[in-house]
Amino acid sequence: MTTQTTYLQQTQLHEPDSSKVDLQTSFEDLQLGFYQLEPEVLESTSETYQSWMQLFENDSQSQLQQHPEHVIQMLPLLQKEFPGRPSYLMLCYKEGTPIAAGIYCPKSMSTKTLRAIGPARVLQGYYLCGNNFLMQNEFREDLSFLEHLLESTLEFCKQLRADFLILDDVLNKSPINQTLEAVTKRFLVYSHTGFQPRSLIHFPENPADYWNQFRSKSRRKHRKLLRDNSQLKLVRVTRPDQVVDFLEAAHQVSLNTWQTQRLGLRVHNNDQELNELMFLALHDALRSYLLMDGDRPIAFKFGSQHRGTFLDIEFGFDLDYASLSPGETLLLLILEDLIEHDPPRLYDFGEGDAMYKQRYSSDITESRSVLLLPDTLKNRSLLSYLRTSCHIDQFTRKLLKASGLYTGLRQLVRYGKLGSR
């Protein structure tokens with residue numbers, strides 16, 4: 001006897017072949033259902049919504065992206081961007097009690113994003129919101145159960161004829177990362193980012209003691225920088241009535257940041273960003289900042305704070321003020337504010353490596369993005385092509401670093417001239 005799995009959606013699917021689903025007998029008393037996210041499912045009085053909300057509230061590691069209202073808010077935008085490709089909710093019950101949930105939303109990826117060389121090809125798949133499942137806490141460390149949920153999800157994506165399922169940001173020590181090796185028995189796993197350093201600050205019991213990790217020389221340097229920039233003021237943004245002005249200010253700064261010059265405009269000041277920040281503010285999770293020179297914003301930080309974790313989402317500073325070190329000034333002022341007002345237990349610098357992150361962190365772990373695909377000859381050829389492209393890219397970077405050109409080229413791309421910022 002295997003887990004009872006129900007596929008509920010409006011799109012036409014092939015019936016799952018139970019002979020190909022290798023589920024452990026220990027899960028024979030579970031019921032798994034996949035529900036297309038549509039009005040009757042999302043009605044707050046529905047049993048499905050209530051089960052979803054119960055899991056979100058009970059899971060000590062739930063992410064705001066997994067909140068029902070956050071997903072509901074995103075759906076119109078997703079429906080517009082991906083017509084005919086609905087989002088889904090998976091619910092797992094044991095003896096009538098919800099014990100796990102997963103939220104899957106459509107996503108497109110170009111092979112260029114996956115570091116492929118040559119003509120771009122667009123892949124259509126899904127991502128797992130929050131890069132994890134909502135669970136009752138007693139099941140969170142059960143790797144066999146987590147593997148079961150992941151494999152059931154991949155089977156469902158296969159039924160949808162999706163090209164992939166992506167986990168955007170997986171910590172190397174997380175339970176879900178530990179299950180990926182087992183999944184490779186029946187699915188293909190590819191990481192276009194590989195493991196990258198991820199910087200964290202674990203604040204001590206007395207948060208002010210955080211500064212004790214720095215040498216006295218470094219602390220003097222910090223104080224001098226703040227004195228030299230004493231005309232710059234920090235504005236904390238947490239309330240709904242601050243969101244509109246903050247977003248406009250961040251957009252103005254973003255027009256002249258190195259991120260925009262290299263990657264394209266980062267803050268558009270559009271409805272999607274407005275809705276996102278308003279959601280955070282209405283759920284007491286918005287914690288963003290502006291650095292002001294008089295009436296002019298010169299740097300911003302998008303951040304959120306939820307369940308004791310401050311998450312660094314987006315950052316930028318006006319290149320016209322680069323000589324003032326606005327990025328480091330803003331970070332020092334934010335750290336002081338976090339220590340003095342509602343201190344989090346953890347500061348997560350988010351994806352990406354940077355010297356300033358390493359300098360201010362108390363712990364460095366690793367994370368990666370992971371692509372999961374059906375094990376087919378076509379996909380094996382695709383991954384072979386992607387891996388070859390990745391090796392060429394890594395080899396080129398090593399050559400540039402060995403020649404001493406890499407740092408200079410990176411500065412030229414980011415700032416338009418050589419020299420440290």
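FYI, it's all coordinate maths here, none of it is from the lab. Computed from a predicted structure; not experimentally measured. Cβ placement follows ideal geometry from the backbone for every residue including glycine, while neighbour counts extend to all protein chains displayed.
Work out from phi, with θ = phi - 60° and the Karplus expression 6.51 cos²θ - 1.76 cosθ + 1.60, the ³J(HN,Hα) of each residue of region 101-113, listed in order in whole Hz, and give x for Gly and Pro.
So the Karplus estimates, Gly and Pro as x, are 8, x, 10, 10, 10, x, 8, 10, 9, 8, 5, 5, 4 Hz.
Can you classify region 204-344 as rounded, prolate or oblate using the Cα gyration tensor, where a ≥ b ≥ c are the square roots of its eigenvalues, rounded means a/c under 1.5, and otherwise it's prolate if a/b beats b/c and oblate if not? Write out the running numbers ahead of the final one.
Working: a/c = 2.02, a/b = 1.21, b/c = 1.67.
Taking the square roots of the gyration eigenvalues as a ≥ b ≥ c, region 204-344 is oblate.
Taking the Cα centre of the chain as the origin, how large is its charge dipole in debye, to the nearest 20, when only Lys and Arg (+1) and Asp and Glu (-1) carry charge on their Cβ atoms? Mind dumping the intermediate values first?
Values: 46 positive and 52 negative charges, 579 e Å.
For the chain, the charge dipole is close to 2780 debye.
Connecting C-alpha atoms closer than 10 Å in a GNM of the chain, tell me which of Trp52, Trp211, Trp258 has the biggest fluctuation.
Top of the fluctuation ranking is Trp211.
State, to one decimal in nm, how far the label point of Ile117 lies from the label point of Val235, with both points 7 Å from Cα in the Cβ direction.
Inter-label distance under the simple model: 4.8 nm.
Could you give log10 I(q)/I(0) at q = 0.27 Å⁻¹ for region 313-368, computed by the Debye formula over C-alpha point scatterers of equal weight, without solvent?
So the normalised log intensities work out to -1.30.
Determine the shape class of the chain: with a ≥ b ≥ c the square roots of the Cα gyration tensor eigenvalues, call it rounded for a/c under 1.5, and otherwise prolate if a/b is greater than b/c, oblate otherwise. Show your work: numbers first, answer last.
On the way: a/c = 1.87, a/b = 1.49, b/c = 1.25.
Prolate shape, in that a/c is at least 1.5 and a/b is the bigger ratio.
If you take the beta carbon distance between Asp271 and Gln54 as r and set R0 to 25 Å, what does 1/(1 + (r/R0)^6) give as a FRET efficiency, to the nearest 0.05?
After rounding to 0.05, the efficiency reads 0.25.
Longer than 24 Å from Cα to Cα, which of Lys173/Lys217; Lys217/Lys357; Lys173/Lys301 are they? Say none if no pair is. Numbers along the way, then the final one.
Values: Lys173/Lys217 34 Å; Lys217/Lys357 19 Å; Lys173/Lys301 27 Å.
Flagged as over cut-off: Lys173/Lys217; Lys173/Lys301.
Report, in deg cm²/dmol and to the nearest 500, the calculated mean residue ellipticity at 222 nm for the chain, where each DSSP H run with n ≥ 4 adds -39500 (n - 2.57) and the sum is divided by the residue count.
Details: 13 runs with 157 residues, N = 421.
My calculation for the chain gives -11500 deg cm²/dmol from helical runs alone.
Amide H neighbours of Asp142 under 5 Å, counting only residues 5+ apart in sequence or on other chains, H built in-plane at 1.01 Å?
Sorted by chain and number, the residues that satisfy this come to none at all.
Taking springs between alpha-carbon atoms closer than 10 angstrom, which of Asp142, Asp59, Asp318 fluctuates most in the Gaussian network model of the chain?
Answer for the Gaussian network model of the chain: Asp142.
Taking +1 at the Cβ of each Lys and Arg and -1 at the Cβ of each Asp and Glu, which of Phe315, Ile117, Leu30 sits farthest along the dipole of the chain towards its positive end, judged by Cα position relative to the Cα centre?
Highest projection toward the positive end goes to Ile117.
Would region 124-269 count as rounded, prolate or oblate if I go by the C-alpha gyration tensor, calling it rounded below 1.5 in a/c and otherwise prolate when a/b exceeds b/c, oblate otherwise? Mind showing how you got there, number by number?
Details: a/c = 2.44, a/b = 1.66, b/c = 1.47.
Prolate is the answer for region 124-269, as a/c is 1.5 or above and a/b outweighs b/c.
Would you list, by chain and number, the lysines whose Cα falls below 19 Å from the Cα of Lys112, excluding same-chain residues fewer than 8 positions away?
Lys378
Please report Ile201, Ile364 as a ranked list, fewest other C-beta atoms within 10 angstrom at the top and most at the bottom. Mind showing how you got there, number by number?
Details: Ile201 23, Ile364 13.
Going from least to most buried by this count: Ile364, Ile201.
Multiplying the sequence separation of Arg397 and Ser216 by 0.36 nm and subtracting their Cα-Cα distance, what value in nm do you get?
Numbers: separation 181, 0.36 × 181 = 65.16 nm, distance 3.62 nm.
My answer for the length gained is 61.5 nm.
How far apart, in nm, are two points set 7 Å out from the Cα along the Cα-to-Cβ line at Phe82 and at Arg387?
Output for this residue pair reads 2.7 nm.
Under 8 Å for C-alpha pairs, at least 6 residues apart: give me the relative contact order for the chain, rounded to a whole percent. Intermediate results must be reported in sequence, preceding the final value.
Numbers: 666 pairs, mean separation 72.2, N = 421.
In percent, rounded to a whole number, it is 17.
Run the numbers on region 69-150 and let me know its relative contact order in percent, using alpha-carbon pairs under 8 Å that are six or more apart.
Values: 89 pairs, mean separation 18.3, N = 82.
With pairs under 8 Å counted, the relative contact order is 22 percent.
Just to be sure I understand: with springs between alpha-carbon atoms less than 10 Å apart, which residue in Leu77, Leu277, Leu234 has the highest mean-square fluctuation in the Gaussian network model of the chain?
Among Leu77, Leu277, Leu234, the largest GNM mean-square fluctuation belongs to Leu77.
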